[in-house]
Structures are given as C-alpha cells and as structure tokens.
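One structure below.
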2 protein chains.
Amino acid sequence: MVTMRDVAREAGVSKATVSYVVSGSSLISEKTAAKVRAAMEKLGYSVNHTARALSTAKTNAIGVVTSFRNNGACFDLSAGAYLYGIAAAARRHGYDTMLLTGDDGVEAIRSAALSRRVDGVVVLDVLIGDARVGALKESGIPAVMLGSPADSQGVDVVDSNFEAAAVSLVERLYDHGHRSILFIGWPEAVYERKLNYAVRFRASLMEACAMRGLRVGAVYAHDATLGASEVIPRALRDCPSATAMVIHNDAAVVGAPQAFERTGIRVPADLSVVTVMPDQLGEGMQIPFDSVGIDVDAVASHTVDRLVERIGDPEMSARVELLDQPMHVRGSVRAAHED
Amino acid sequence: MVTMRDVAREAGVSKATVSYVVSGSSLISEKTAAKVRAAMEKLGYSVNHTARALSTAKTNAIGVVTSFRNNGACFDLSAGAYLYGIAAAARRHGYDTMLLTGDDGVEAIRSAALSRRVDGVVVLDVLIGDARVGALKESGIPAVMLGSPADSQGVDVVDSNFEAAAVSLVERLYDHGHRSILFIGWPEAVYERKLNYAVRFRASLMEACAMRGLRVGAVYAHDATLGASEVIPRALRDCPSATAMVIHNDAAVVGAPQAFERTGIRVPADLSVVTVMPDQLGEGMQIPFDSVGIDVDAVASHTVDRLVERIGDPEMSARVELLDQPMHVRGSVRAAHED
DNA sequence: CTGAAAGCGCTTACAG
DNA sequence: CTGAAAGCGCTTACAG
C-alpha cells in the first residue's frame, strides 16, 4: 500500500506538504503542488480513509437505521427506493452510507454512536412512540428521523406530510359529492406496531371525514397481499353505500386493478378511487388512480440535507418538516350520483 | 469520548491489558479481567472502530456496489430485498455494510479499494460483459459478484441458476403437452444493457425450446410496467397458437393477473402460465402462478459467506456457484388440448 | 511557503 | 499473566 510517506519521499517534500496538497488547504506553491501531484499519480496514491477518519474524528459516513424489514408482515416495496435515495444524496454531500440493520434499533444506534462508526444517522421505519428517540437523545449522535413520531423530543424530523395527503384526498372526494367512503389500509399489524405513516394517515383521514360528516368503513388488507382481490370485493359488499375508496397500502394499490376487473367494478363509473403511494411505484406500475405521489428521492434528499446540516451544527434548533406531496390526477374520481 | 487509556487508569492496568480483555484474546487472569470489565462498564467504554481499523488494517465492513438503479427503465422491486439480505448476512459475520452507489461502478470499486474503505465488495446488477470485472481484478480487492457475467476472470460468482430455471419451466410446459409458448421478458433496454439474469434466462429458454422443437414468441414489456395489461393481450393475439406463457419480469408478473382478468383469459383453462421471480414478491403479492421462486435471502447470504471466505483467504481458487431455486406449484399449468 | 513533531485510539510482538 | 513501546497513516498547530 502506498502511503503519504512514499509520496513525500518521491516528491522530495514532507508528509505535511503532501497532506496539504491532498486536502487542497493551505497555500502550497503551485510548483511544489505539481511535483506532489506527479508523485501521487506515479505511485497511484490514494488517501487512506481510515487513517484520515482517526485523525480528524470524522468518518464521512452516515448510517441508516432500519429495524423492521417487513413492516408488519408485508414485503416493503419502497424500502429499496428510500435506501438508494439516501445513498445518492449522501454521496452528493461527500458521505458514504452505512446500513445499520438489526432487530434492535436502539442497540444499533448505541453501538454506532459509541464506536464512532458514522457521523450521523437517518432513522427509518419510525414508530409513533419510538424507543429509538430516547437512544438518539442519549447518545447525542446527530440524527434525523425519516418519519414522524408522536414526540420527537428535539430530534429532527423529515417526512412526507401524510396528514395533509389524507385531507386533500378526502377533500377531493367530498368535493365530488361522495359521502360514504371505504378505507383500505395496511395490515392490522402495521397499526398495532404503530408505524408512523400508517397511523398518521389514518388518523388524519378519520378526522377529515368526521369534520365533513363523511361515513367511513375501514378494511385492512391482511398479509398486505394483493389480497386486495379478496378484501376489496368483500369490503364493498359489507359497505354497499360507499361510492369511493381510499387506499393506503402499496401492495393493495398494485393489486386493486385486478380486484376491480374481477368483480366487474368500473373505475370511476361505479367507484371513485384515490391513493397515496411512492411516485416511482405508481409510474412503474402504471397505477391508474388519482394519487398523492410521494417523491421518495426528494424526501430522502431533504432528509440527508438536514442531517448534514445537523452534523455541521449540533446546536441548531431542531425542526419537524413535513413535505407536502403533489396530487396526480389520473381520472379515477368522478361525481357521485345523487341519491 | 472515553478511551482505553481512561479504562486502563480506572482499572489500574495498562492499555494493553484492556485491549486484551476487549478482544478476549490472550490469557488475562479472571481477576484482572473482572476489574477491567467493571471499569468499562462504569465509564461506558466502547471500542473506537476507526482506531481499531487503522491498527488492524481491517475495516470489518463490506461494500455493495450497485450502479444501475433502474435496470433499464424499470422500478426494481427486488433491489431492497437484496440489500437487506446482504446486510443481514454481513451482520451475522460481524461485518457492517456500506452502500457503494454511483453512476460509475468502476470508479466506485477503484476508490473503495484504494482508500481501504471496506474489506471486500459484493457487486450487484452484473452485466454479461461487465467492465467492473476488470476493475475488480486490477484492484485486487476481495469480491464476489452476485450475478454471472460471460467471463468472470477468476472473480467469485454466486447467483441463482437462471439457466436451470428456464429449463425446468420449459420442461414443465413441454411435459404438459405445450408446443407453442409465449415469452414475456423485461423491457428491451434490459437486454440491450445485457443484465446477466435477463440474458442468461432468455438464452437458456430459447435453447431449451429449440431442443424440444417448441415454438416461442417473445414479447418485451416496455416500460416494465404493469404494461402487462397492454402487452399480454396483444401478444396473445399475435401468436394465437400459444397455449402457455413464461414470464420473466417482476412487474409484468404482478400485473398479469389483471391483464388476464381484463381479457377474459382463464388460467390455466385457456392458458398455462409459469414465471420466475423473487419468493418474497410472489408471496407478498399472492401470485397465483407456478414459479421458480428465488430465495433472495439465501442467495444474498451465500454471497456474503463466500465473500467472507475470500477475505479470509485471498489465494483460494475462485468459484462460480449457481444456486438452484425451487419450483412452487400453484396450479397455473395444465395439459394442452390436443390439436 | 515548508517541515518536524505530536497526536488520533487502537493492536501486538516483545520483554519481563 | 502484565506492561512499555512501536506502529497503523493521516492531520494540524507551531516554528522557521
């Protein structure tokens, strides 16, 4: 392995000088710098990341803490998208991305913080009452949660505005005259576990419906399957007054078209349908529903921006930022028939 | 930050002794060890990962090189599964997992290798003629490709046996009397880019059909969409003699049930259907087709096992391991009508 | 503008 | 069984 010493010797300067030209800092004469660069080139030198990290007490890496792989028995279709989005954003800031998986997020955070493996962490799969918030505070490691717990205790939060998404979907249906709707949610286990996005969206939806005097029937797609094909027909049978449907469950959204096809339900002629889901999934799957589309890359990117800012300034006051996501109109809503 | 020095002082021993009890190596008297452990406990000591890495020249991290996020314009449904599988397996071996993304995989490999950021790498999204193979050889970094290029040049390879999968699917159809089949593949861009699994499966499929005198029509799901709903009906119209279908395209498999529903095609009464896809996706989506199910966790785990082995023994001779995947029979194949 | 030197927090022969 | 010491490859005041 070629080190700074080798380069220094080759260029006839000191290690310090090499270090300065590598970091671009300090004012080294162009002449010396050229010599050093030539030597580096010749020897194929590359700075040793670990040594630099030890010396500067900066790893230039961020960690992604993700504990629950199957958010309650469901194959997470968007997990990859968030990871890639975070990694890409980190790279733009000159950071590497470390996957901090493990059953126990609290343990993962503690150990990452104590062993100084990363400069900061992004926490995924946030729960409404998330034990990891405490671990974050305690360890003092710079962190931002991609997801909003009930009490963020002064930890930064970035997420999509699921509350607003629910309201705008309900409004859209209400404005089209719908007065009885059906909500297709995640598997019950997801709510029991209290995954923030599920709980927040549902609560906001119920609230928005209550305020407007809308009737809501709720059904949960067990197994998070395209069990849509079983659940949806049954739900409609049980709640015949419903003229519209709100789906918050990626797998169910994907499966819904088949379910409608099978049961002979025409959208929007027989039923108006709206959803909230990752943009990419909607496009990739050519989902034909009006949707609040989550721009996963934008959310991930914003999260990393915030984390980098936090790493730079530990004293900065904490923020909770919920990003509004745009509505994509695809023609799956139409006016309810007057009764 | 509490260091070994602090612990040593607290316990009244030397740094070396602390180091030995931390690593469990050497024979420190139980009495001394207890004192040291008490001091560590009291002070909340945790070994500094970076310092250890510099000292041992081992980072205890592996990198995952993944260049193409959208394997040719398609939202990759299984990307997350592979990442999580790899991270979990790495963790079992005591390794962290670093995401090495970037447009240029060659550059990512070089830089990771030169800067000693990781002890080894897993390469994803392997192409048939993959430029990264050269970079791997050159850099000498321990590596295993999760995917099989045409020439692995002495680099280890682990992947699902897509060749065998194609053969067994064809055999299954052939044995049921099918003589004309339709192949629904990935978007053309995937084949143009020569992603290994796509090319390998298709080649093996064509070969297996040719050997048995089967007719094959091939259609590619543009946009990798659930464009299945457009592509499949058209394909069947264009090739009316087909009595069976093979799908290799995750999005198309997910969309296929709807397409059949819409066009009134009953499976298997009117058409036999077989696929190959990740197990988890098949289960999560309740795909009703006979499938070769890829056990992503098993493949990821085996890949990491191999990498750890390779890190331990750089001289070990390279292997190409293609893991056979099981066939899940779900009742989507039946005997072709005799003509 | 450049170099000598200390220091980052560990590990690991080597003495004792 | 335990400790003194050198070394891992950088960075960074501090002199000059």
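The values are calculated or read from the model by the stated rules, or taken from the named source; none is laboratory data. Since we're looking at a predicted model, the values are computed, not measured. Ideal geometry is used to build each Cβ from the backbone, glycine not excepted, and the neighbour counts take in all protein chains shown. With ligands, DNA and RNA removed, areas are computed over all heavy atoms of the protein, side chains included. Shrake-Rupley method; radii C 1.70, N 1.55, O 1.52, S 1.80 Å.
Filter segment A:211-231 for residues that are open to solvent by less than 20 Å² (accessible area, probe 1.4 Å) and hydrophobic (A, V, I, L, M, F, W, C); which is modelled with the highest pLDDT?
Here the answer is A:Leu214.
In contact (Cβ under 8 Å) with a residue 12 or more places away in the chain and within 14 Å of chain B (Cβ to nearest Cβ): is that true of A:Val190 in this structure?
Numbers: in contact (Cβ under 8 Å) with a residue 12 or more places away in the chain: yes; within 14 Å of chain B (Cβ to nearest Cβ): yes.
Yes: the conditions hold for A:Val190.
For segment A:1-45, please list each of the helices (runs of 4 or more DSSP H) lying entirely inside it that holds at least 3 residues being small (Gly, Ala, Ser).
So the answer is A:15-23, A:30-43.
Looking for whichever is touching a residue at least 24 places away in the same chain (Cβ under 8 Å) and within 20 Å of A:Ser78 (Cβ to Cβ) here; the options are A:Leu214, A:Leu182, A:Leu195. Which one fits?
When all the criteria are applied, what remains is A:Leu195.
Among the candidates B:Ser139, B:Ser160, single out the residue that is open to solvent by 10 Å² or more (accessible area, probe 1.4 Å) and closer than 29 Å to B:Val304 by Cα.
B:Ser139 is the lone residue from the list that is open to solvent by 10 Å² or more (accessible area, probe 1.4 Å) and closer than 29 Å to B:Val304 by Cα.
Taking the residues in segment B:1-30 that are within 11 Å of DNA strand D (Cβ to nearest atom) and among the hydroxyl-bearing types (Ser, Thr, Tyr) as candidates, determine which candidate is nearest to the other protein chains (Cβ to nearest Cβ).
The residue in question is B:Ser19.
Can you spot a residue in segment B:46-58 that is among the hydrophobic types (A, V, I, L, M, F, W, C), surrounded by fewer than 19 Cβ atoms within 10 Å (Cβ to Cβ), more than 6 Å from DNA strand C (Cβ to nearest atom) and away from chain A (no Cβ under 14 Å)?
no
Using the structure shown, decide if B:Ile62 is crowded, with 16+ Cβ neighbours inside 10 Å, more than 12 Å from DNA strand C (Cβ to nearest atom) and either part of a loop (DSSP other than H, G, I, E, B) or aliphatic (A, V, I, L, M) (or both).
yes
Looking at A:Gly80 and the list (1) away from DNA strand C (no atom under 16 Å from the Cβ); (2) out of contact with any strand residue (DSSP E or B) (no Cβ under 6 Å at 6 or more places or on another chain); (3) open to solvent by less than 40 Å² (accessible area, probe 1.4 Å); (4) in contact (Cβ under 8 Å) with a residue 12 or more places away in the chain, which single condition is not satisfied?
(4)
Mind checking whether some residue in segment A:101-112 is part of a loop (DSSP other than H, G, I, E, B), at the interface with chain B (Cβ under 9 Å from one of its Cβ atoms), touching a strand residue (DSSP E or B) at 6+ places or on another chain (Cβ under 8 Å) and over 23 Å from B:Ala108 (Cα atoms)?
So far as segment A:101-112 goes, no, none of its residues is part of a loop (DSSP other than H, G, I, E, B), at the interface with chain B (Cβ under 9 Å from one of its Cβ atoms), touching a strand residue (DSSP E or B) at 6+ places or on another chain (Cβ under 8 Å) and over 23 Å from B:Ala108 (Cα atoms).
Which one is nearest to A:Gly94 (Cα to Cα), of the residues in segment A:20-44 that are at pLDDT 90 or above, more than 11 Å from DNA strand C (Cβ to nearest atom) and open to solvent by 40 Å² or more (accessible area, probe 1.4 Å)?
A:Val22
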